[in-house]
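Notes follow once the structure below has been shown.
The values are calculated or read from the model by the stated rules, or taken from the named source; none is laboratory data. Keep in mind that what you see is a predicted model, and the values were worked out from it rather than measured. Note that each Cβ is placed from the backbone with ideal geometry, even for glycine, and that neighbours are counted across all protein chains shown. Each accessible area value is taken on the protein alone, full model and side chains, heavy atoms only, with ligands, DNA and RNA left out. Shrake-Rupley method; radii C 1.70, N 1.55, O 1.52, S 1.80 Å.
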Amino acid sequence: MDKPLILVTNDDGITAPGLRALIRTMKEIGDVVVVAPDSPQSGMGHAITVDSTLFSKKVVIDQKDGAPSEYSTSGTPADCVKLALKVILDRRPDICVSGINHGSNSSINVIYSGTMSAAIEAGIEGIPAIGFSLCDYSWNANFEPCLKYVKNIVSEALTNGIPKGTVLNVNIPKTEDLKGIKICRQARGNWNEEFDKRTSPSGKDYYWLTGEFELLDKGQDTDEWALSEGYISIVPTQFDLTAHHAIPQLNNWNLNEQ
């Protein structure tokens with residue numbers, strides 16, 4: 001029986017330790033093809049390249065622990081998935097996994113995430129997809145404690161499928177003593193942001209984005225709660241952005257009156 005074909009991508013770049021850990025783990029499950037950015041693309045959201053050229057080349061990053069087929073691209077995470085599906089792969093992957101991201105993509109962070117946008121791009125194409133993130137921004141983060149859970153989540157997704165129209169947003173707390181996994185909803189929260197105005201050596205003003213995350217949700221069924229308690233959170237995330245609950249109210253507006 002053929003092994004499942006697993007497309008692996010990320011937003012931290014093809015040399016990122018989180019990606020390399022994910023590749024090693026996915027090779028235990030199936031045949032792996034990597035298509036990832038040639039440089040960090042964090043915070044790119046679902047950006048795609050439309051006004052400049054895209055480049056892609058086959059590379060060898062790690063002869064021992066790398067994948068047999070790896071491609072670096074000049075594009076965004078969403079670009080990587082598009083190129084993989086339309087140009088690089090000779091058949092559709094059975095699943096797309098993105099990550100493991102260096103840093104959290106819980107709560108509102110999912111909106112900005114290149115990691116999750118790669119997974120969403122695959123989901124739009126009807127391919128089961130999962131984004132993985134570890135709540136540790138360090139390049140030297142320890143991914144080992146979570147890898148058995150990552151393997152199990154992907155194996156279960158391949159066996160059982162992922163509900164249509166959704167992808168999985170998986171966040172992992174920074175701890176070596178993981179308690180298990182919780183299925184969650186996205187916590188309500190936002191960023192209180194400021195722009196730090198600075199002056200360059202040449203005398204030009206520039207701005208550096210700063211901010212603090214504010215949790216607005218005290219529920220014990222959220223991703224933020226699960227992470228704070230030492231659990232891996234899984235949020236089924238949909239890419240139909242329709243606010244269905246708002247349609248009846250908007251239908252009461254006198255929109256067609258002249």
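The smallest convex shape that holds all Cα atoms of the stretch 127-244, its convex hull, gives 173 Å³ per residue.
Here, the stretch 161-203 yields an orientationally averaged convex hull projection of 7.6 nm² when only Cα atoms define the hull. Scanning the chain for trypsin sites (Lys or Arg not before Pro) that sit in a DSSP loop and have at most 11 other Cβ atoms within 10 Å, the longest stretch containing none of them is 92-163.
Based on protein heavy atoms only, the stretch 170-258 ends up with 77 Å² per residue of surface accessible to a 1.4 Å probe. The stretch between residue 31 and residue 214 holds 61.8 nm of extra length on full extension. This uses 0.36 nm per residue minus the Cα-Cα distance. Placing one identical point scatterer on every Cα of the stretch 1-83 and ignoring solvent, what is log10 I(q)/I(0) from the Debye formula at q = 0.12, 0.14, 0.16, 0.27 Å⁻¹? Summing over Cα pairs of the stretch 1-83 leads to -0.33, -0.44, -0.56, -1.34.
Solvent-accessible area of residue 139, all protein chains in place: 120 Å² (probe radius 1.4 Å, heavy atoms, ligands and nucleic acids excluded). Only helical runs count toward this figure. For the chain, summing -39,500 (n - 2.57) over DSSP H runs of n ≥ 4 and dividing by all residues gives -6000 deg cm²/dmol at 222 nm. To the nearest whole percent, what portion of all C-alpha pairs in the stretch 169-228 is separated by more than 16 angstrom? So the portion of pairs separated by more than 16 Å is 61 percent.
Among the listed values (i) 21.9, 73; (ii) 18.7, 55; (iii) 19.5, 70, the one computed from these coordinates for Rg and Dmax of the Cα atoms in Å is (iii).
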